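J.: Provided herewith is a single structure, encoded as structure tokens, for subsequent inquiry.
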Amino acid sequence: MSNYSIALIPLLPLATFVVLGLFGRKYLSAFAGIIGTISLLISSIISLVTAYQYFFISGKINGIYQPIIALKYSWLQFTPSVSIDMGIMLDPIAMMMIVVVTFVSLMVHIFSLGYMKGEERFATYYAFLALFTFSMLGLVLSSNIFQIYMFWELVGVSSFLLIGYYFDKPSAVAASKKAFIVTRFADLGFLIGILILAYSAETLDFGTLIARLTDASSPYFVNAAGASFIGISALTWGLVLVFLGGAGKSAMFPFHIWLPDAMEGPTPVSALIHAATMVVAGVFLVARLFPIFAFDAAALTVVTYVGAFSALFAAIIACTQTDIKRVLAYSTMSQIGYMMFSLGVAKHGGEGGLGYMASMFHLFTHAFFKSLLFLGAGAVIHLVHSNEMKDMGGLRKLMPITHITFLIACLAIAGIPPFAGFFSKEEILLAAFHSNKMVFFVALFTSGLTAFYMFRLYFSIFWSKESHVHENGHGEGTLSMKIPLIILAVLAVLAGFFPIASLVTSDGLALETHIDYLFSLTPVALAVAGILLASSLYKSENTKPQNIATTLGGLYIAAHKKFYMDELYLFITQKIIFNLIGKPAAWIDKNIVDGSMNLFADTTAQISDNIKGLQSGKLQQYASYFFVGVLGFMLLFIYLWN
Amino acid sequence: MNEIGLTHILFLSAILFFIGVYGFLTRRNMVTMLMSIELILNSVNINFVAFNKFLHAGKLDGTFFTIFIITIAAAEAAVAIAIIIHLYRSSKSIDVNDADLMKF
């Protein structure tokens, strides 16, 4: 497979976007879905072949996977040494990501054929999906940090377009703006981080950047680690700021507030955002720069604790939400938190690299079961026309396929063997156990909570009360909605057996892993306990959940209100930032900046108003001015003459 | 009988000049204003002739200039009267205060 065909992987969705975006609504309305799906199918086949070639034929040099620069094109050449390039870099995580992204996106494309059928802006929807896929593929294949930033922003803008797809709904508009502003705000940190790192290493290219900043004897590293600001080295600042950008996209605390609201978009889009694109971008970014992170303990500690806190925080909130998509949103945040702290506890290379491998493994398995959960939820919403749990219940007879696949996904995310989530979560817990006991216990508790809230969701949708949804003709949905569910369910079972430990590791060397059954006992027991608890509370309609909620009192209400994070943000923005910064700035703008300009203008107008009477149009007045003037000059000259 | 001196002639020309200026500034009738300009020009002519006689008796420069000025005054009168006629046609008036369109 030639290098140019690799470029087709992101370029095919881009072409789809251009074609559907320009001509879709007018001419291609009927075929938009087919065009988008076929182009993505080709793209995913190419990425599968590319990944196969990389992993099994060309990628290994001396038994170590090396990054390969497949394409390099000098884009903006400022000076001979400074240029911004566009390139494609192949390495294990990029290979894994292109397969996951194209595959999940393909499933979403197929699912949307049925789900979005009859929408007025059907072609526009597919154009946006293609743009989203293109951005994410470009992001994972980027060969330098500036290129990744550009695609990063493209991901931001395409998520904005998709979340705001129902733009006639005020809540969707608000949600899309919120997502865009919050992630954009975090991206400011990312940009400053890029500038710091690139300035210290004097390069934008990933390979060179990593090589220069992980060599303790190189002058670049000495400079970066030596320069400090408020007692923290420039390198740590750069990395923490880059992580800030990653936290924004990955919805880590405290930038998670956009994620639940992003549910306003069409449900398949949520599957795409949560499983393959957008939220994993932050994890990918940290993984991409992992060697540098691993060299800087302080930055890695930040990653660990932010990840662990987000995992627990989101899991607690997820237990109290009643909107099924919001539960899934918080569960995503929680799982991304797992991936983050797993990176945080890892070291570069060898046995210590377990956390890195585990994080990538979890990203891989999570992509399948989370997209399955969202697509399943989409199918449920398609039938019930509501997002609220109280409108559901007893759906297992109405939608058998959705029921079974959803159950598989729930078992996978809860970490029950032999489903995919079990394997990746075990690795993460093992990595945490070996390096940070506190994080380990947080993770363990969270995994129990995960099982509880996922099965709360499952029982509320499919069991609980008797179904009162009337069969409205379209039943469980079209074939194009069922097929992706089945494929993803199969993968949610099998993905755990994927030999990722030998393929995707921090240093390119295969890693020996083994499942320690004794160790696995605790998390699995906790997960089972969570499931049993959920089944006793939610399997049939009763008042126990209500009683527990009343007993917990304040804690339950706080969690139900998402710990008042939105209110806190509103308070900070509207009361503090608006009053202390916005209003003074507006005052200065209105009174000082505009005021000085208005003063000039007013003075000029005033003066001209006063003297314009001189130009009266009366010839004899002019003549007398002239006469007086000449007389004046004459007197002056006579006076000077003497 | 004594020859009339330079001072007298200059005095005459000054009186003529100021009469012209006064007429130009006070009269509203454009034809009268034109006549005032002629007075100013003629006062200048008198100056030229007088200075030529008393300061450069052997030369003719001042006289030449006088002839030039008379010629140009004739041309100027033709142009000015043409303008006045046009103004009269458009505004039915030769009052200079009625021709004040060119103002702020």
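J.: What is the one condition in (1) buried (at least 21 other Cβ atoms within 10 Å of the Cβ); (2) within 24 Å of A:LYS482 (Cβ to Cβ); (3) modelled with pLDDT under 85 that A:VAL104 does not satisfy?
T.: Result: A:VAL104 fails condition (3) only.
J.: Another question about this same structure. Hey, A:GLY617 hits all of (1) in a helix (DSSP H, G or I); (2) surrounded by 12 or more Cβ atoms within 10 Å (Cβ to Cβ); (3) within 14 Å of chain B (Cβ to nearest Cβ) but one; which does it fall short on?
T.: Unmet condition: (1).
J.: Looking at A:VAL279 and the list (1) in contact with a Phe, Trp or Tyr (Cβ under 6 Å, 6 or more places away or on another chain); (2) closer than 30 Å to A:SER386 by Cβ; (3) modelled with pLDDT of 85 or more, which single condition is not satisfied?
T.: Going through the list (1) in contact with a Phe, Trp or Tyr (Cβ under 6 Å, 6 or more places away or on another chain); (2) closer than 30 Å to A:SER386 by Cβ; (3) modelled with pLDDT of 85 or more, A:VAL279 breaks only (1).
J.: Only residues that are touching a residue at least 40 places away in the same chain (Cβ under 8 Å) and of a type outside the set (A, V, I, L, M, F, W, C): list them for the stretch A:16-38, please.
T.: Within the stretch A:16-38, A:THR16, A:GLY21, A:GLY24, A:ARG25, A:SER29, A:GLY33, A:GLY36, A:THR37 qualify.
J.: A follow-up question, please. Among the residues of the stretch A:519-565 satisfying the criterion of being in contact with a strand residue (DSSP E or B) (Cβ under 9 Å, 6 or more places away or on another chain) and not acidic (Asp, Glu), which is surrounded by the fewest Cβ atoms within 10 Å (Cβ to Cβ)? Working first, answer last.
T.: Step one: list which residues in the stretch A:519-565 are in contact with a strand residue (DSSP E or B) (Cβ under 9 Å, 6 or more places away or on another chain), which gives A:538-541.
With the extra rule that they be not acidic (Asp, Glu), the set shrinks to A:538-540.
Values: A:TYR538: 23, A:LYS539: 16, A:SER540: 13.
The residue in question is A:SER540.
J.: When you scan the stretch A:595-608, do you find a residue that is facing chain B (nearest Cβ under 10 Å) and assigned to a helix (DSSP H, G or I), even just one?
T.: As a first pass, look at the stretch A:595-608 and keep what is facing chain B (nearest Cβ under 10 Å): A:608.
Adding the requirement that they be assigned to a helix (DSSP H, G or I) leaves A:608.
Looking through the stretch A:595-608, at least one residue is facing chain B (nearest Cβ under 10 Å) and assigned to a helix (DSSP H, G or I).
J.: I would also like to ask the following. Which of the residues spanning the stretch B:21-67 are within 12 Å of another protein chain (Cβ to nearest Cβ), assigned to a helix (DSSP H, G or I) and touching a residue at least 60 places away in the same chain (Cβ under 8 Å)?
T.: If the condition is that a residue be within 12 Å of another protein chain (Cβ to nearest Cβ), assigned to a helix (DSSP H, G or I) and touching a residue at least 60 places away in the same chain (Cβ under 8 Å), then B:MET30, B:MET33 are the ones that fit.
J.: While we're looking at this one, here's another question. Specify which of the listed residues (A:PHE295, A:PHE253) is more than 19 Å from the chain's Cα centre (by Cα), modelled with pLDDT under 85 and either buried (at least 24 other Cβ atoms within 10 Å of the Cβ) or aromatic (Phe, Trp, Tyr) (or both). Let's see the steps before the verdict.
T.: On the way: A:PHE253 fails: more than 19 Å from the chain's Cα centre (by Cα).
Testing whether each residue is more than 19 Å from the chain's Cα centre (by Cα), modelled with pLDDT under 85 and either buried (at least 24 other Cβ atoms within 10 Å of the Cβ) or aromatic (Phe, Trp, Tyr) (or both) leaves just A:PHE295.
J.: Another one. Scanning for something more than 15 Å from A:VAL380 (Cα to Cα), touching a Leu at 6+ places or on another chain (Cβ under 6 Å), at pLDDT 75 or above and among the β-branched types (Val, Ile, Thr), does the stretch A:477-493 turn up at least one residue?
T.: No: the stretch A:477-493 contains no residue that is more than 15 Å from A:VAL380 (Cα to Cα), touching a Leu at 6+ places or on another chain (Cβ under 6 Å), at pLDDT 75 or above and among the β-branched types (Val, Ile, Thr).
J.: Suppose we filter the stretch A:50-69 for residues that are within 29 Å of the chain's Cα centre (by Cα), surrounded by fewer than 22 Cβ atoms within 10 Å (Cβ to Cβ) and part of a strand (DSSP E or B); how many remain?
T.: 2
J.: Another question about this same structure. If A:LYS347 passes every condition in (1) among the basic types (Lys, Arg); (2) under 24 Å from the mean Cα position of the chain (by Cα); (3) within 24 Å of A:ALA432 (Cβ to Cβ) but one, which one does it miss?
T.: All conditions are met except number (2).
J.: Please determine, by comparing only the residues of the stretch A:620-637 that are within 11 Å of another protein chain (Cβ to nearest Cβ) and not hydroxyl-bearing (Ser, Thr, Tyr), which one is nearest to B:ASP98 (Cα to Cα).
T.: Residues of the stretch A:620-637 within 11 Å of another protein chain (Cβ to nearest Cβ): A:620-628, A:630-631.
Pick out the ones that are also not hydroxyl-bearing (Ser, Thr, Tyr) and you get A:620-621, A:623, A:626-628, A:630-631.
Values: A:GLN620: 12, A:GLN621: 13, A:ALA623: 16, A:PHE626: 21, A:PHE627: 22, A:VAL628: 24, A:VAL630: 26, A:LEU631: 28 Å.
If we take residues in the stretch A:620-637 being within 11 Å of another protein chain (Cβ to nearest Cβ) and not hydroxyl-bearing (Ser, Thr, Tyr), then A:GLN620 is nearest to B:ASP98 (Cα to Cα).
J.: Another one. Within the stretch A:304-335, work out how many residues are touching a His at 6+ places or on another chain (Cβ under 6 Å) and either acidic (Asp, Glu) or more than 16 Å from A:TYR556 (Cβ to Cβ) (or both). Steps first, answer last, please.
T.: Initially, the stretch A:304-335 is screened for residues touching a His at 6+ places or on another chain (Cβ under 6 Å), giving A:320, A:332-333, A:335.
Okay, now just the ones that are also either acidic (Asp, Glu) or more than 16 Å from A:TYR556 (Cβ to Cβ) (or both), so A:332-333, A:335.
Within the stretch A:304-335, residues that are touching a His at 6+ places or on another chain (Cβ under 6 Å) and either acidic (Asp, Glu) or more than 16 Å from A:TYR556 (Cβ to Cβ) (or both) number 3.
J.: Out of (1) out of contact with any Leu (no Cβ under 7 Å at 6 or more places or on another chain); (2) of a type in the set (Phe, Trp, Tyr); (3) under 27 Å from A:SER506 (Cα atoms), the odd one out for A:PHE185 is which?
T.: Looking at each condition in turn, A:PHE185 falls short on (3).
J.: Mind listing whichever residues of the stretch B:68-104 are in a helix (DSSP H, G or I) and within 14 Å of chain A (Cβ to nearest Cβ)?
T.: Of the stretch B:68-104, the ones in a helix (DSSP H, G or I) are B:68-91, B:96-98.
Once the filter is applied, which keeps residues that are in a helix (DSSP H, G or I) and within 14 Å of chain A (Cβ to nearest Cβ), the stretch B:68-104 yields B:ALA80, B:ILE83, B:ILE84, B:LEU87, B:SER91, B:VAL96, B:ASN97, B:ASP98.
J.: Right, next: Among (1) more than 14 Å from chain B (Cβ to nearest Cβ); (2) surrounded by 12 or more Cβ atoms within 10 Å (Cβ to Cβ); (3) at pLDDT 75 or above, where does A:LEU640 come up short?
T.: Status for A:LEU640: all satisfied but (2).
J.: Quick one: count up the residues across the stretch A:498-518 that are exposed (fewer than 14 other Cβ atoms within 10 Å of the Cβ) and assigned to a helix (DSSP H, G or I).
T.: Qualifying residue count for the region: 2.
J.: Out of (1) surrounded by fewer than 10 Cβ atoms within 10 Å (Cβ to Cβ); (2) modelled with pLDDT of 90 or more, what's the single condition that is false for A:LEU599?
T.: All conditions pass for A:LEU599, except number (1).
J.: Next question. Picking from A:PHE132, A:PHE160, A:PHE167, which residue would you name as being without any contact (Cβ under 8 Å) to a residue 12 or more places away in the chain and either closer than 25 Å to A:ALA329 by Cβ or part of a helix (DSSP H, G or I) (or both)? If you could, list the steps in order and put the result at the bottom.
T.: Numbers: A:PHE132 fails: without any contact (Cβ under 8 Å) to a residue 12 or more places away in the chain; A:PHE160 fails: without any contact (Cβ under 8 Å) to a residue 12 or more places away in the chain.
The conditions single out A:PHE167.
J.: Moving on. Among the residues of the stretch A:552-570, are any acidic (Asp, Glu), touching a residue at least 24 places away in the same chain (Cβ under 8 Å), part of a helix (DSSP H, G or I) and more than 14 Å from chain B (Cβ to nearest Cβ)?
T.: The first filter runs over the stretch A:552-570 and keeps only residues acidic (Asp, Glu), leaving A:566-567.
Pick out the ones that are also touching a residue at least 24 places away in the same chain (Cβ under 8 Å) and you get A:566.
Subsequent filtering for residues that are part of a helix (DSSP H, G or I) retains A:566.
When the remaining residues are screened for being more than 14 Å from chain B (Cβ to nearest Cβ), the result is A:566.
Among the residues of the stretch A:552-570, at least one is acidic (Asp, Glu), touching a residue at least 24 places away in the same chain (Cβ under 8 Å), part of a helix (DSSP H, G or I) and more than 14 Å from chain B (Cβ to nearest Cβ), which makes the answer yes.
The values are calculated or read from the model by the stated rules, or taken from the named source; none is laboratory data. Remember, it's a predicted structure, so these values are computed and weren't measured experimentally. All Cβ positions, glycine included, derive from the backbone under ideal geometry; neighbour counts span all protein chains shown.
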